[in-house]
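Written below as structure tokens is the structure these notes are about.
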Amino acid sequence: MDTTYFNEFVTTTPIPAKEVEAKLAKAGILSGFPLDENRMLWCATELNDERALNHLIAALTEEKEVDSCC
């Protein structure tokens, strides 16, 4: 990839953002930043590849992962 990008976005969570942060920390994943009770600020760069994003999704949804990551 020859282009650098940086994106920030906010998500709303059905559970408290602090719980999301704690759950991801247990999985060894740095979460987004809790903004309030149910919103988190996330960022992604060119260093966040599809495998890493799938690892994050699996941790959030408690899916069994096929490959370990990062």
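All of the numbers you see were taken from the coordinates with simple rules; none came from a lab. Treat the numbers as computed from the prediction; the structure is a model and nothing was measured. Every residue, glycine among them, receives a Cβ derived from its backbone with ideal geometry; neighbour counts consider all protein chains shown.
Run the simple label-point estimate for Asn54 and Leu41 please: 7 Å along Cα→C-beta, distance reported in nm.
3.1 nm
May I ask you to evaluate 6.51 cos²θ - 1.76 cosθ + 1.60, the Karplus curve with θ = phi - 60°, for each residue of the range 22-34 and list the ³J(HN,Hα) values in order in whole Hz, giving x for glycine and proline?
My calculation for the range 22-34 gives 5, 4, 5, 4, 4, 8, x, 10, 6, 7, x, 9, x Hz in order.
Show me, for the range 44-54, the HN-Hα J-couplings you get by feeding each phi into the Karplus relation (A = 6.51, B = -1.76, C = 1.60, θ = phi - 60°), rounded to Hz, glycine and proline as x.
For the range 44-54, the Karplus-derived couplings read 9, 10, 5, 7, 8, 7, 4, 4, 5, 5, 5 Hz, x marking Gly and Pro.
What are the residues whose amide H is under 5 Å from the amide H of Leu35, where those residues sit 5 or more places off or on another chain and H is modelled from the backbone?
HN-HN under 5 Å from Leu35: Met40, Leu41.
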